[in-house]
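Beneath this line is the structure, given in structure tokens, with notes to follow.
The values are calculated or read from the model by the stated rules, or taken from the named source; none is laboratory data. Remember, predicted model here, so these are calculated numbers, not experimental data. Every residue, glycine among them, receives a Cβ derived from its backbone with ideal geometry; neighbour counts consider all protein chains shown. These area figures cover heavy atoms from the full protein model, side chains too; ligands, DNA and RNA do not enter into them. Shrake-Rupley method; radii C 1.70, N 1.55, O 1.52, S 1.80 Å.
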Amino acid sequence: MSKTSTKELVYMALLSALLLIGQVGMSYLPNIEVVSLFVYIYTQIYRKKVFFIIYVFVILEGCIYGFGIWWFGYLYIWSVLAIIVLIMGKSQTSIPITCIILGAYGLCFGFLYSLPYFLAGGWAAGFAYWVSGIPFDLLHCAGNIIVALVLYRPMRILIGHLKNDGETL
């Protein structure tokens, strides 16, 4: 197991803050966000250490928006995406594959996010929550694909430079 340096911890805290800034800054758009792309890239670069970044982000969100039932979904939903990227392997940087994974993740987001509602309110509540959000899941899918097409390469290079202290990837 590798040790995490102080500098790397500071970088990861900064990346957590960037997740929050990206989420809050784009919150006026319905399910159009950069968090999925950033978690995807962070996982490629930081591997298992990404969970520190994710959970700092989730705690910060709870501090800003409150810790309601909605918050419990965030405890695992970003980790699901990170696990998918970890399973894919570190070298996967293909834009088409990235778009497919992030698009599929956007489609599945509502169902994954509805799990606490299934537990808290039963089958009918969870199903109603999930089905009512399907139009937003479609937007989420399209948004993730467009964001990945536009930002994947430049953000991957930029965040890679940060990790490597400015060295070429």
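Working note: Karplus 6.51/-1.76/1.60 with θ = phi - 60° gives the range 57-65 the couplings 4, 5, 5, 4, 4, x, 5, 7, 9 Hz, where Gly and Pro are set to x.
Here the simple spin-label model places points 7 Å from the Cα toward Cβ, and for Tyr55 and Thr6 these points are separated by 2.3 nm. Counting other Cβ atoms within 10 Å, keep those with at most 13, restrict to DSSP loop, and tell me which chymotrypsin sites (Phe, Trp or Tyr not before Pro) in the range 10-45 are left. Here the sparse-neighbourhood loop sites are Tyr28. The residues of the chain expose on average 51 square angstrom of accessible surface per residue, using a 1.4 Å probe on protein heavy atoms. Gaussian network model of the chain, Cα springs within a sub-10 Å range: biggest mean-square fluctuation belongs to which of Gly121, Gly73, Gly106? Among Gly121, Gly73, Gly106, the largest mean-square fluctuation in the Gaussian network model of the chain belongs to Gly121. Could you run the Debye sum over the Cα atoms of the range 1-60, one equal point scatterer each and no solvent, and tell me log10 of I(q)/I(0) at q = 0.21, 0.22, 0.25, 0.30 Å⁻¹, two decimals? Result of the Debye calculation: -0.78, -0.84, -1.03, -1.32. Normalised size of the chain, defined as Cα radius of gyration per 2.2 N^0.38 Å with N residues, equals 1.04. Extension gain for Tyr65-Ile97 works out to 8.2 nm (0.36 nm per residue, less the C-alpha to C-alpha distance). Let me check I've understood the local charge: for Ile77, count other residues with C-beta under 14 angstrom from its C-beta, Lys and Arg +1, Asp and Glu -1. What total comes out? Cβ neighbours under 14 Å give a net charge of -3. Counting protein heavy atoms only, the chain has 75 percent of its accessible area on carbon and sulfur, 1.4 angstrom probe. Dimensions of the range 47-147 based on its C-alpha atoms, expressed as ranges along the principal axes with the largest first, amount to 41, 28, 22 Å.
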